[in-house]
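Below is one structure, written out as structure tokens, with a few remarks after it.
The values are calculated or read from the model by the stated rules, or taken from the named source; none is laboratory data. This one's a predicted model, so the numbers in the text were calculated from it and none came from an experiment. Virtual Cβ from ideal backbone geometry, glycine too; neighbours counted across all protein chains shown. These accessible areas exclude ligands, DNA and RNA; they are computed on the full protein's heavy atoms, side chains included. Shrake-Rupley method; radii C 1.70, N 1.55, O 1.52, S 1.80 Å.
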Amino acid sequence: MTSPTKAEGSGSAVALDPELDATSEVAEGPKKLEGRSPGQLMWQRFKRDRTGMICAGVVIFYFVIALCAPLLTMISGTDPYTLYGQDPTYADKPILDDFGLPLGYFGGMSADHWFGVEPQYGRDLFAMLVYGMRTSLFMALGVSILLTVTGVIIGLVGGYFGGRTDYWLGRVTDFFLSFPSQLFFIAFMPVVTSFFVDPQEETPTYFRALAILIVLWVLGWMGMARLVRSVALALREREFIEAAKVSGASPGRIIRKEVLPNIVTPVLVQFTYQLPSTILTIAFLSFAGVGFVEPTPDWGRLFAAGAQYTQQDAAFIFFPGVALVIFVLCFNLLGDSVRDAFDPKSGR
């Protein structure tokens, strides 16, 4: 084997002998080329989106706050139910004046009440807000999951099988779409509660939550179903679906193995838009007086109370309003980022 030599008139070394290079390549082995799954590619694109990462962090922060609401109120030393302005136990620390308005700066903010207190009653606004976020977020999450599952099932069945099945499912979808949702929510919620609970008795909170979930579920799955149906109609004519049919695969296996993986992107993007919309709907029901009522903390009830106190104490609505605007904005921007990560050609 020859050793490397110097090139004439140059200080650089000549390449090593070809036999040596071949030997070293055999010893090290060929370099492995590792492929990346669509999920890995999506995650890499999403990580490069600074807006999406910030919004994801904000959304996660909100859910952590909702989960830790009891711990946070324990740290603050307050709870959302105690009437600090009327309870004789706290008479040595007055927080309301003779007109029932908060004492102090910006709605009664202090070391004891971080976001101030509610006029007339003196309930702690910080405790009401974190517990209200807990109620709204987890109610909306449960409703959104039900809407997604129902819409995916109905859309897949109608879009894949077509024919009479698609026709009748389409007519059922059109029937539910004909209801004016907001007005129907207001009209139907009292009917649901009064049908099962004596009007002379107070409706339990858990039953109100169940009624809200049922009403929003029954009247909210149609958008997801239509989206999934349109995607399934396009997919069933593709070559890989035809190949699966020719190979003898059952419809269930084709839907599970071939169609479902290809509708993940639109379903996930639609879910990120559905959840903040559901939160606003639940808040609207409480604001209109047919959702959660006293003393259950809820975002919508805070806005309803704030509408009464606007002239006397405009600061009461500040923190709930800012918290809701930030959450809805970040979740919508997160949906845009998820869509762009799955489909780079749809860039904003």
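Looking at (1) in contact (Cβ under 8 Å) with a residue 12 or more places away in the chain; (2) surrounded by fewer than 15 Cβ atoms within 10 Å (Cβ to Cβ); (3) of a type in the set (A, V, I, L, M), can you tell me which one Val149 breaks?
Of the numbered conditions (1) in contact (Cβ under 8 Å) with a residue 12 or more places away in the chain; (2) surrounded by fewer than 15 Cβ atoms within 10 Å (Cβ to Cβ); (3) of a type in the set (A, V, I, L, M), the odd one out for Val149 is (1).
Can you name every residue in segment 110-134 that is more than 25 Å from Leu67 (Cβ to Cβ) and in contact with a Pro (Cβ under 9 Å, 6 or more places away or on another chain)?
If the condition is that a residue be more than 25 Å from Leu67 (Cβ to Cβ) and in contact with a Pro (Cβ under 9 Å, 6 or more places away or on another chain), then Pro119, Gly122 are the ones that fit.
Is it true that some residue in segment 156-179 is under 30 Å from Leu324 (Cα atoms) and outside any helix (DSSP H, G or I)?
Scanning segment 156-179 turns up at least one residue that is under 30 Å from Leu324 (Cα atoms) and outside any helix (DSSP H, G or I).
Is there a residue being hydroxyl-bearing (Ser, Thr, Tyr) and either over 28 Å from Phe138 (Cβ atoms) or assigned to a helix (DSSP H, G or I) (or both) anywhere in segment 98-107?
yes
Restricting to segment 104-119, give me the number of residues that are at pLDDT 85 or above and either on the phi > 0 side of the Ramachandran plot or aliphatic (A, V, I, L, M) (or both).
Of the residues in that region, 4 qualify.
In this structure, is Leu183 in contact with a strand residue (DSSP E or B) (Cβ under 9 Å, 6 or more places away or on another chain) and either surrounded by fewer than 19 Cβ atoms within 10 Å (Cβ to Cβ) or not hydroxyl-bearing (Ser, Thr, Tyr) (or both)?
It is false that Leu183 is in contact with a strand residue (DSSP E or B) (Cβ under 9 Å, 6 or more places away or on another chain) and either surrounded by fewer than 19 Cβ atoms within 10 Å (Cβ to Cβ) or not hydroxyl-bearing (Ser, Thr, Tyr) (or both).
When you look at Trp168, is it open to solvent by 30 Å² or more (accessible area, probe 1.4 Å), without any contact (Cβ under 8 Å) to a residue 24 or more places away in the chain and not β-branched (Val, Ile, Thr), yes or no? Even if it seems obvious, please write down each step before you answer.
Values: open to solvent by 30 Å² or more (accessible area, probe 1.4 Å): yes; without any contact (Cβ under 8 Å) to a residue 24 or more places away in the chain: yes; not β-branched (Val, Ile, Thr): yes.
For Trp168, the condition - open to solvent by 30 Å² or more (accessible area, probe 1.4 Å), without any contact (Cβ under 8 Å) to a residue 24 or more places away in the chain and not β-branched (Val, Ile, Thr) - is met.
Just to be sure before I move on: is Tyr131 touching a residue at least 60 places away in the same chain (Cβ under 8 Å), surrounded by 19 or more Cβ atoms within 10 Å (Cβ to Cβ) and more than 30 Å from Phe240 (Cα to Cα) in the structure I sent?
Yes; evaluated as a whole, the condition is true for this residue.
Where residues in segment 37-64 are of a type in the set (Val, Ile, Thr) and open to solvent by 30 Å² or more (accessible area, probe 1.4 Å), which of them is nearest to Asp112 (Cα to Cα)? Even if it seems obvious, please write down each step before you answer.
From segment 37-64, those of a type in the set (Val, Ile, Thr) are 51, 54, 58-60, 64; that's our starting set.
Those still in the list that are open to solvent by 30 Å² or more (accessible area, probe 1.4 Å) too: 51, 54, 58, 60, 64.
Values: Thr51: 35, Ile54: 31, Val58: 26, Ile60: 27, Val64: 23 Å.
Filtering segment 37-64 for residues that are of a type in the set (Val, Ile, Thr) and open to solvent by 30 Å² or more (accessible area, probe 1.4 Å), the one nearest to Asp112 (Cα to Cα) comes out as Val64.
Can you tell me which residue among Phe292, Phe196 is without any contact (Cβ under 8 Å) to a residue 40 or more places away in the chain and either open to solvent by less than 20 Å² (accessible area, probe 1.4 Å) or over 19 Å from the mean Cα position of the chain (by Cα) (or both)?
The conditions single out Phe196.
Each row is one residue, and each column tells you yes or no for (1) assigned to a helix (DSSP H, G or I); (2) surrounded by fewer than 17 Cβ atoms within 10 Å (Cβ to Cβ); (3) at pLDDT below 85.
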{"residue": "Gly248", "(1), (2), (3)": "no, yes, yes"}
{"residue": "Ile255", "(1), (2), (3)": "yes, no, no"}
{"residue": "Pro266", "(1), (2), (3)": "yes, no, no"}
{"residue": "Gln274", "(1), (2), (3)": "yes, no, no"}
{"residue": "Thr296", "(1), (2), (3)": "no, no, no"}
{"residue": "Gly300", "(1), (2), (3)": "yes, no, no"}
{"residue": "Gln311", "(1), (2), (3)": "no, yes, yes"}
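Looking only at residues that are more than 29 Å from Gly158 (Cβ to Cβ) and of a type outside the set (Ser, Thr, Tyr) in segment 199-228, which one is surrounded by the most Cβ atoms within 10 Å (Cβ to Cβ)? Write out each step before concluding.
In the first step, residues of segment 199-228 are kept if they are more than 29 Å from Gly158 (Cβ to Cβ); the result is 199-209.
Next, from what is left, pick out any that are of a type outside the set (Ser, Thr, Tyr): 199-202, 204, 207-209.
Numbers: Pro199: 8, Gln200: 5, Glu201: 7, Glu202: 8, Pro204: 11, Phe207: 13, Arg208: 22, Ala209: 18.
Filtering segment 199-228 for residues that are more than 29 Å from Gly158 (Cβ to Cβ) and of a type outside the set (Ser, Thr, Tyr), the one surrounded by the most Cβ atoms within 10 Å (Cβ to Cβ) comes out as Arg208.
From the list Gln200, Gln182, exactly one residue is among the polar types (S, T, N, Q) and either in contact with a Pro (Cβ under 9 Å, 6 or more places away or on another chain) or assigned to a helix (DSSP H, G or I) (or both). Which is it?
The conditions single out Gln182.
Kindly check whether there is at least one residue in segment 267-286 that is under 29 Å from Phe207 (Cβ atoms) and over 20 Å from the mean Cα position of the chain (by Cα).
No: zero hits.
Among the residues of segment 205-246, write down those that are within 21 Å of Ile145 (Cα to Cα), in a helix (DSSP H, G or I) and of a type in the set (Phe, Trp, Tyr).
Result: Tyr206, Phe207, Trp217.
In segment 315-333, what residues are open to solvent by 40 Å² or more (accessible area, probe 1.4 Å) and within 15 Å of the chain's Cα centre (by Cα)?
Passing the criteria: Val325, Ile326, Leu329, Asn332, Leu333.
List pairs: first in segment 41-54 and of a type in the set (Lys, Arg), second open to solvent by less than 60 Å² (accessible area, probe 1.4 Å) and part of a helix (DSSP H, G or I), Cβ under 8 Å, 6+ apart or cross-chain?
Arg45/Asp340; Arg45/Ala341
Suppose we filter segment 89-140 for residues that are hydroxyl-bearing (Ser, Thr, Tyr) and within 33 Å of the chain's Cα centre (by Cα); how many remain?
5
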